[in-house]
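Step one of this worksheet: look at the structure below.
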Amino acid sequence: MRRNVELTGKVALVTGGSRGIGRQIALTLASQGADIAVNYLRSENDANSVLSEVEECGSRCITVRADVSKSGDVKHMKDIIINKLGVVQILINNAGIARPQPIHEISESDWDELIETNLKSAFLVTQAVLPEMRKKGWGRIVNISSVAAQIGGVVGPHYAASKAGLIGLTHSYASLLSKEGITVNTIAPALIATEMVTANPNARPDLIPVGRFGTVEEVADAVVMLACNGYITGQTININGGWYMV
């Protein structure tokens with residue numbers, strides 16, 4: 001397998017990397033030569049399956065259990081990755097949850113949980129890995145948002161707000177770090193064929209102009225492109241089958 005010179009040997013952390021989009025991102029980055037830290041919270045068996053597949057690609061891999069919405073867990077995770085793989089140079093903030101709810105059923109605790117899991121986690125993990133990226137003068141950060149940030153989506157305002165926050169987070173970090181060799185971008189997918197989407201009765205292929213759900217591979221390919229490109233920063237890459245057009 002031909003490996004990417006730009007990515008070979010660099011350590012990539014994929015939060016929520018045991019399933020769905022995160023899993024495919026981890027495998028695709030590994031196929032291009034990156035070493036992978038797979039973060040998970042509950043899906044240990046799935047994380048171990050990703051580890052096996054990454055190692056089959058010839059890359060190093062570890063799994064790290066951590067609640068990335070908790071600063072103590074994030075610090076512990078970072079220490080493990082540095083000790084076992086090295087410093088993180090590619091960060092994919094993918095961890096997230098979706099809870100489809102009618103507006104009148106969304107409670108304060110629902111709001112807090114989605115903001116913490118989907119948005120606060122990206123802030124905490126980014127802050128944790130930035131010092132080493134800045135020392136090296138090279139880093140790639142990709143935040144996985146959603147078309148919900150742009151059109152409201154099919155989950156609810158708590159989810160849409162958390163994903164919109166990632167776009168603002170991206171813009172700020174990208175601007176502040178643009179002179180330091182660190183790029184920060186967002187990917188905003190729509191209705192990718194994962195368990196999270198297929199379990200939501202409001203998610204239907206006929207909502208998408210191209211007439212089908214997207215694939216995890218289509219998202220992962222965009223991540224690799226951003227990881228290899230030092231000139232694209234502060235952007236939102238829309239992978240949505242034409243549902244939202246800028």
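Listed from fewest to most Cβ neighbours within 10 Å, the set Met133, Met245, Met225 follows the order Met245, Met225, Met133. Histogrammed with a bin width of 5 Å, the alpha carbon distances of region 134-246 distribute as 2, 12, 21, 22, 18, 12, 7, 4, 1, 0 percent, first bin at zero. Per-residue 3J(HN,Hα) values for region 235-244, derived from phi via the Karplus relation 6.51 cos²θ - 1.76 cosθ + 1.60 with θ = phi - 60°, read 9, 10, 8, 8, 10, 9, x, x, 5, 10 Hz in sequence order (x marks Gly and Pro). Evaluating 6.51 cos²θ - 1.76 cosθ + 1.60 at θ = phi - 60° for every residue in region 218-233, the Karplus couplings come out as 5, 6, 4, 4, 5, 4, 4, 4, 5, 5, 8, 10, x, 10, 8, 8 Hz, glycine and proline recorded as x.
At q = 0.13 Å⁻¹, what is the log10 ratio I(q)/I(0) for region 86-137, with the Debye formula run over Cα points and no solvent? After summing over all Cα pairs, the log10 values are -0.44.
Helices in the chain, meaning DSSP H runs of at least 4 residues, each add -39500 (n - 2.57). Divided by all residues, the mean residue ellipticity at 222 nm is -13000 deg cm²/dmol. Computed from Cα positions, the angle between helix 71-84 and the longest principal axis of the chain comes to roughly 40 degrees.
Residue separation of Tyr231 and Ile151 scaled by 0.36 nm, minus their Cα-Cα distance, works out to 26.0 nm of gained length.
Which shape class, rounded, prolate or oblate, goes with region 37-125 when its Cα gyration tensor gives a ≥ b ≥ c as root eigenvalues, a/c under 1.5 marks rounded, and past that a/b bigger than b/c marks prolate? Please report the intermediate quantities before stating the final value.
On the way: a/c = 2.90, a/b = 1.84, b/c = 1.58.
Taking the square roots of the gyration eigenvalues as a ≥ b ≥ c, region 37-125 is prolate.
Couplings 3J(HN,Hα) for region 104-113, derived from phi with the Karplus relation 6.51 cos²θ - 1.76 cosθ + 1.60 (θ = phi - 60°), are 6, 9, 7, 9, 4, 5, 4, 4, 4, 5 Hz, where x marks Gly and Pro.
Quick check: from the Cα gyration tensor, does the chain come out rounded (a/c under 1.5), prolate or oblate? Rounded. Among Ser172, Trp138, Asn48, whose Cα lies farthest out toward the positive end of the dipole of the chain, if unit charges sit on the beta carbon of Lys, Arg (+1) and Asp, Glu (-1)? Value: Trp138. Per-residue packing, averaged as other Cβ atoms within 10 Å, sorts the ranges 40-46, 92-98 into the order 92-98, 40-46, beginning with the highest.
From the alpha carbon centroid of region 1-66 to that of region 200-246 is 20 Å.
Taken together, the values in this text are just the output of simple stated rules run on the coordinates, not laboratory data. Here the structure is a predicted model, which is why all the values come from computation and not from measurement. So basically every Cβ, Gly included, is an ideal-geometry build from the backbone, and we count neighbours across all protein chains shown.
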